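Structure, as structure tokens:
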Amino acid sequence: MWRVTVKGLLAHKLRLALTGLAIVLGVTFVSGTLVLTDTLSNTFTTLFGHIYQNVDFEVRGKAAFTAGVGGGVVRKPVPESLLASVRSVPGVTYAAGSVSGYAQFVTPAGKAVSNGEAPTLGLSYEPNPRLSVLRLSAGSAPTTPDQVAMDQGTADKYHFRVGGPVRVLLAGSPQTFTISGIVQFGTADNLAGATLAAFDLPTAQTLFDKVGQFDAIDVVTAPGADKAQVQRSIARVLPPGVEVVTGQTVADEASGSINQALSFLSTALLVFAFISLFVGGFTIFNTFSITVGQRTRELALLRIVGASRRQLFRSVLLEAALLGLVASVVGLALGVLTSVGLEELLKGFGITLPSGPLVFRPRTVVVALAVGLGVTVLSAASPARRAVRIPPMAALAAQRATGVESSGRRALIGAVIAVVGAAVLAVGLAAGTIALVGVGAVVGFLGIAMAAPAVARPMSSVIGRPLAALLGVPGRLGRENSMRSPRRTAQTAAALMVGLALVSTIAVFGASVSRSATSSVDQAINADYIISTTGISGVSRAVAPALTGVPGVTAVSTVYSGQFEVRGSVSTLTALSPVDLSATVILRVDSGAGAAALAAGALLIDSTTATSDHLRVGDTVPVVFAQTGHSTMRIGGIFKPNALLGSYVVGDGFFSSHFERARPVAVLVATGTGSGPATTAALRHRLSDFPNLQVQTRAAFEQSQQAQVDQLLGLIYALLALAVLIALIGIVNTLMLSVFERTREIGLLRAVGMRRRQVRSMIRSEAVILSLFGAVIGVVVGTGLGVALAASLAQQGITDIVVPYASLVAFLVLSGLLGLGAATWPARRAARMDVLAAIASE
Amino acid sequence: MTVTDQGGPAPVGPTATPAARAVDLVKVYGTGETTVRAVDGISVAFERGRFTAVMGPSGSGKSTLMHCMAGLDVPSSGRTFVGDLEVGLLDDRGLTRMRRDHVGFIFQSFNLVPTLTAGENITLPADLAGRRVDQGWFDLLVSQLGIGDRLGHRPDELSGGQQQRVACARALVDRPDLVFADEPTGNLDSNSSAEVLAFLRRSVTEFGQSIVMVTHDARGAAYADRVVFLADGKVVGELLAPTADSVLEQMKRLGS
């Protein structure tokens, strides 16, 4: 039986390749994602291990609370006086304090230097090479208040030289420094794209507003010292709120938070890989259904000469398993290559990642093989069951069995399954459980695919009518062919249906998000200008004072943002100035007070939070601030949801008393006359010292918000394109099999006078009908799904639901064209068929 | 001439059980107006070690009779036996085992697996059963059939006659208790037909094989030890030690 299976597979190499390709692409995606994230994770872990390799202990402030995903922790600095106490602990040979903060270089051309989203770090330069990971590659260490050491990456890219001047943006006013030296990060030019500006310790403390303070004290112990003993001794000299941890702990924490962010990325990518495999599964299912049908005689013959049902079942599954195995291995190999490409793709969307040696874990192999094999075998199980049910007599039947056509019962079961899936999905959306949404979608799609044959005949008939009218006989025959086996038509179209449903979902969802973002800007802000930064650097405190004299400016309001813990969970706190509030921000107060409450140091919350947490004006809530610790706050007012403010708002005075070194996230500017080119130019001119700032009118700000949404949509479309591609491969495959199956029929048509071109038209018509059938169902289902998704997030700020009809119609047209493209090869094959041989073939 | 329930003339040799027999076999196709009684109460036995031909015009029920007796089709009523096995009592697994271990098939349209070579097609039943092929017997069959140099070829590289000889080897390689041959020469020219029929005759005479062959060719039937004539789903006659002429004569008589 093994031999029959293998020989059967090898006899149809083309079919094998086309079917396998669907799985290859999915597995490539899976393994590529795993290799990429493993590689990045390893790169970061190595990096942090390297940074802290010589640090035995670090003394630092205890974390008041841990911030959300990727947010790291907020710690209070330790007093400088603590250094002497630590140094005096027996067993400590060296200890040094360090500070870090924001410092961003400005190019000679006046542009702020940054590499995508990577941070722009300012550090105190540590002269002891045992503790410092910075290595001077040129010049010398910074020793005076006007010196800075620059990372090699920035120096090379912008041709900075030792001894030359460089302007540096800081939390306060920008300053010009002299480059004392160029440093490397260990052996790397920079730290994962981050730029580095190192100052001598006192200068750094001044620049980062940490005079008399350290962020941390790094400790080196004597060789042979009992480290546990030393750690206990250090702990004994520390004041409350300060802790001593090992260097390893610090490295693990650092790589841990990066890995958390990476697992987020990996999950997101794997979702799309899963979608591709799901669509690939349809293709496998369809191909096996067709080939089992075509091999009815052969399978029945095997039954006659003594194959048991179980042997036959195993044979079909074995065929699937072999196919899956080969495809998975190929996919795995391609995945490793693709991980490099995937990195480039992300880079193209502005997500810069560091480079490091490729990491290929055994887990990647196991997952890739399990997923590839699993999907293939699972998809072939139903066709295999059908193969088993073939009676031995079928071998003797004169006509090839045409297969069981769809029954009403099957459609009914499919419809029920689809409804169950939709219900699960709805529950998932309502409860905000992503897993339920996914399960619901998968079940729903399977149900629709099962029920689809019931509508395949009438829909093909309707879709095919214009083609028949346009192309005459070939169009009519193509239409007849697609109507002839509704089940096959529906199964082939199902893969494209899933792909297009997801694309349409994203289109509807994206349009809604985009529109909501736009309208929410108008609902949230009435300032004429928004001044903000592109990266994570924040706006200098020097900006707002600089704007007061600009002609036309009537109000300037600074917005701060920070993390705090409220009622036991970490949230974002926004701070506004009560002065000029109404001129810049639209704060619709439901109950309590607005500006007055802010001035009084009370907390404002939005009505959504008030409702869900059962809070009222006058209630008191427990809060924790990283720097000032536990406290309580009175709720002074409840405002209508505002997309740009978040759920919690306080006055700027209160904010600065709890957040040292608070840095603005935006500055809002109102003008008496609205925005105009003259005012824009005046603002830009006044802020020319701060090249990291964006000065945007409200309209431009809206556009940039929309552009961000569009960029994300572009990325999602690119990832979904793979699923659509796999669906198209499925169409090519089905058409090839159909052409092969109808060899005699096509030969007959040619014999009675059909021209090659007409044969091609016939096959193409069938392909277009198939594609459009799948696309129409997909777009309808996807639109519903997108509306449901958007509606379920109304509380999260998606206030407008938009159905982008033009895009949806474009998808339909595109699907038809893609179907036409998919038909090229099968059509050519059909047209090239030798008439005589076609008729003679059995 | 009629056939009794016990299966006609005295069996050859001492064996009591025939290779296969049918008792009151009825097979009805369709329902209501369109009912066709393809087999209408046939009782017949096929002896071991003999070559029996079943003859009759198209639609006489000869193929249906064979399909029911071989367990490929389910009778409407009546019982069939292969050796001691009552076919109707077997489930799918039992039927599979019966086909694999006790019965060989030769078809009109050869029915070889297109992706396997001739040699692999011959050993297929043994491979499926997980048995080793008796190499001596295999070599003997192959040389008798004159296909020794074609074993590495695939069916589409063989002539019709060669394909049917491969099918013969496949049917006989496991020494089944009984070979069912359904119009084995229906798709062959006269030379190839003669080769195949001569081989079947020899396998009965020299190796003691039991064969039941459905045919409508009088010359083919003449190779058999006994001919059973069917018409309209009933046994209508029988001939021992037939010649082409006597078969034709009998046919003519039945036709009138």
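The residues on offer are A:Gly414, A:Gly432, A:Gly428, and the sole one that is out of contact with any Gly (no Cβ under 8 Å at 6 or more places or on another chain), at pLDDT below 90 and not assigned by TED's automatic domain parsing to the domain that holds A:Ser339 is A:Gly432. What's the total number of residues in region B:1-27 that are surrounded by fewer than 18 Cβ atoms within 10 Å (Cβ to Cβ) and either at pLDDT below 90 or among the basic types (Lys, Arg) (or both)? Selection size over region B:1-27: 13.
Let's see how each residue does on (1) buried (at least 20 other Cβ atoms within 10 Å of the Cβ); (2) modelled with pLDDT of 80 or more; (3) away from chain B (no Cβ under 14 Å); (4) in contact with a Lys or Arg (Cβ under 6 Å, 6 or more places away or on another chain):
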| site | (1), (2), (3), (4) |
| --- | --- |
| A:Leu47 | yes, no, yes, no |
| A:Val69 | no, no, yes, no |
| A:Val86 | yes, yes, yes, no |
| A:Gly91 | no, yes, yes, no |
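When we screen A:Leu312, A:Leu334 for residues that are at pLDDT 85 or above, within 14 Å of chain B (Cβ to nearest Cβ) and in a helix (DSSP H, G or I), the only hit is A:Leu312.
Just one of the listed residues (A:Val709, A:Val669) is closer than 16 Å to A:Thr534 by Cα and surrounded by 15 or more Cβ atoms within 10 Å (Cβ to Cβ), and it is A:Val709. Filtered by the rule that a residue be surrounded by fewer than 18 Cβ atoms within 10 Å (Cβ to Cβ) and in contact with a Leu (Cβ under 9 Å, 6 or more places away or on another chain), region A:239-258 gives a lone residue, A:Pro239. Pairing residues of region A:4-20 that are within 9 Å of another protein chain (Cβ to nearest Cβ) with residues that are crowded, with 19+ Cβ neighbours inside 10 Å and not in a helix (DSSP H, G or I), at Cβ distances under 7 Å and at least 6 apart in sequence or on separate chains, gives A:Val4/B:Val113; A:Val4/B:Leu116; A:Lys7/B:Thr115; A:Lys7/B:Leu116; A:Gly8/B:Thr115; A:Ala11/B:Thr115. Would you be able to say whether some residue in region B:178-194 is within 14 Å of chain A (Cβ to nearest Cβ) and free of Cβ contacts under 8 Å to residues at least 12 places away in the same chain? The answer is no, given that none of the residues of region B:178-194 is within 14 Å of chain A (Cβ to nearest Cβ) and free of Cβ contacts under 8 Å to residues at least 12 places away in the same chain. Taking every residue in region A:287-298 that is free of Cβ contacts under 8 Å to residues at least 40 places away in the same chain and more than 12 Å from every other protein chain (Cβ to nearest Cβ) and pairing it with any residue that is surrounded by 20 or more Cβ atoms within 10 Å (Cβ to Cβ) and in a loop (DSSP other than H, G, I, E, B), at least 6 positions away or on another chain, yields no pair with a Cβ-Cβ distance below 7 Å. Scan region A:642-661 and give yes if some residue there is modelled with pLDDT of 85 or more and within 26 Å of the chain's Cα centre (by Cα), otherwise no. Yes, the conditions are met somewhere in region A:642-661. Just one of the listed residues (A:Leu325, A:Leu302) is within 14 Å of chain B (Cβ to nearest Cβ), of a type outside the set (S, T, N, Q) and part of a helix (DSSP H, G or I), and it is A:Leu302. Mind listing just one residue for me: the one in region A:713-728 that is touching a residue at least 12 places away in the same chain (Cβ under 8 Å) and surrounded by fewer than 20 Cβ atoms within 10 Å (Cβ to Cβ) and, of those, nearest to A:Phe509 (Cα to Cα)? Applying the filter and picking the extreme gives A:Leu713. Considering region B:60-76, the residues that are within 14 Å of chain A (Cβ to nearest Cβ) and among the small types (Gly, Ala, Ser) include one that is farthest from B:Leu254 (Cα to Cα), namely B:Gly71.
Within the option set A:Arg476, A:Arg488, being surrounded by fewer than 22 Cβ atoms within 10 Å (Cβ to Cβ) and charged (D, E, K, R) holds for one residue only, A:Arg476. Applying the set (1) within 14 Å of chain A (Cβ to nearest Cβ); (2) touching a strand residue (DSSP E or B) at 6+ places or on another chain (Cβ under 8 Å); (3) not in a helix (DSSP H, G or I) to B:Arg170 leaves exactly one unmet item: (3). What do you reckon, is A:Leu34 at pLDDT below 80 and either of a type outside the set (S, T, N, Q) or assigned to a helix (DSSP H, G or I) (or both)? In short, no.
The residue of region B:95-130 that is nearest to the chain's Cα centre (by Cα), among those that are more than 10 Å from every other protein chain (Cβ to nearest Cβ), crowded, with 20+ Cβ neighbours inside 10 Å and assigned to a helix (DSSP H, G or I), is B:Ile122.
Residues in region A:170-182 that are of a type outside the set (S, T, N, Q) and at pLDDT 90 or above: 4 in all. Filtering region B:77-90 for residues that are facing another protein chain (nearest Cβ under 10 Å) and part of a helix (DSSP H, G or I) leaves an empty set. Looking across region B:131-150, the residues that are more than 14 Å from chain A (Cβ to nearest Cβ), in contact (Cβ under 8 Å) with a residue 24 or more places away in the chain and of a type in the set (A, V, I, L, M, F, W, C) come down to B:Trp137, B:Phe138, B:Leu141, B:Val142, B:Leu145, B:Ile147.
A:Leu645 satisfies every condition listed in (1) under 30 Å from A:Val242 (Cβ atoms); (2) crowded, with 21+ Cβ neighbours inside 10 Å except (1).
Among residues of region A:207-233 being more than 17 Å from A:Gln248 (Cβ to Cβ) and in a strand (DSSP E or B), the one that is nearest to the chain's Cα centre (by Cα) is A:Phe214.
When you look at B:Phe81, is it surrounded by fewer than 20 Cβ atoms within 10 Å (Cβ to Cβ) and within 15 Å of the chain's Cα centre (by Cα), yes or no? When the stated conditions are applied, B:Phe81 passes them.
The values are calculated or read from the model by the stated rules, or taken from the named source; none is laboratory data. Computed from a prediction, not measured in an experiment: that's the story for all the values here. All Cβ positions, glycine included, derive from the backbone under ideal geometry; neighbour counts span all protein chains shown.
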